[in-house]
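J.: Provided herewith is a single structure, encoded as C-alpha cells, for subsequent inquiry.
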Amino acid sequence: MRIYFFEKVKMIDFQVGNVDMPALDADKVWTWLCAVAASHGYQLSKVSYRFCNDEEILEANRQFVGHDYYTDIITFDYTRGDCAAGDILISLDTVASNASGMGIPFATELRRVIAHGVLHLCGINDKSPEERAVMEKAENDALALWNSMFEN
C-alpha cells in the first residue's frame, strides 16, 4: 500500500485589466481567506481575482449576469461540496468610490470586497434584505478576523 502526502498549495491568483495592481500580500490574503472559508465550513481550492475598471465589470455584468449596471464585484462560483472555488471580478473604480463615500480607507473596502467574493463561494447570498444582513455580518466578521491576524 502506498500513502501519498501532498503539501497544501496556495491556489490564489491575482490579475489586472486596465488598472494597476493594488498593493496586496498574496500570502496574507490566502491565509486569511482560508480562515474565512473555514469559519463557514469550507476549504478553499482555487480562487482567481481579476481587478478591473468600471467599464470592464459593466461589460461582464451585461454578458454574464444580464445586468446593465455597475457593481463592485461579480463572483463566478465553481464550489463543489465543501471545496470552495471560483473566479472573482472586482472593479477597483467602484471600490474606491464606495470607500470614499463611506469615509474609510481603500484597503479596508478592498478587503471587504475580496472577502465578499469568498463568502459567496461559501454559499452566502445577498439578494434579499435578510440575506444582505447575513452577508454584512459575515463581511464584518471577516474584517475582524483580518485585524486579529495581521493588525495586532
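J.: Which condition does residue 55 not pass, out of (1) modelled with pLDDT of 95 or more; (2) of a type in the set (D, E, K, R); (3) assigned to a loop (DSSP other than H, G, I, E, B), if it passes all the others?
T.: For residue 55, the exception is condition (3).
J.: Can you name the condition, by its number, that residue 12 falls short on among (1) within 14 Å of residue 121 (Cβ to Cβ); (2) over 13 Å from the mean Cα position of the chain (by Cα); (3) of a type in the set (A, V, I, L, M); (4) at pLDDT below 95?
T.: (2)
J.: How do the helices (runs of 4 or more DSSP H) wholly within region 61-152 filter down when requiring 2 or more residues that are small (Gly, Ala, Ser), surrounded by fewer than 18 Cβ atoms within 10 Å (Cβ to Cβ) and at pLDDT 95 or above: which remain?
T.: 92-102, 129-146
J.: With the structure loaded, tell me whether residue 145 is in contact with a Gly (Cβ under 6 Å, 6 or more places away or on another chain) and not acidic (Asp, Glu) or whether it fails that test.
T.: For residue 145, the condition - in contact with a Gly (Cβ under 6 Å, 6 or more places away or on another chain) and not acidic (Asp, Glu) - is not met.
J.: Looking for something of a type in the set (Val, Ile, Thr) and either under 27 Å from residue 17 (Cβ atoms) or in contact with a Lys or Arg (Cβ under 7 Å, 6 or more places away or on another chain) (or both) - is there at least one such residue anywhere in region 39-55?
T.: yes
J.: Against the definition (crowded, with 17+ Cβ neighbours inside 10 Å and more than 25 Å from residue 149 (Cα to Cα)), how does residue 33 come out, yes or no?
T.: no
The values are calculated or read from the model by the stated rules, or taken from the named source; none is laboratory data. Worth saying up front: this structure is predicted, and the values here are computed from it rather than measured. For neighbour counting, all protein chains shown are included, and Cβ atoms are generated from backbone atoms with ideal geometry for every residue, glycine included.
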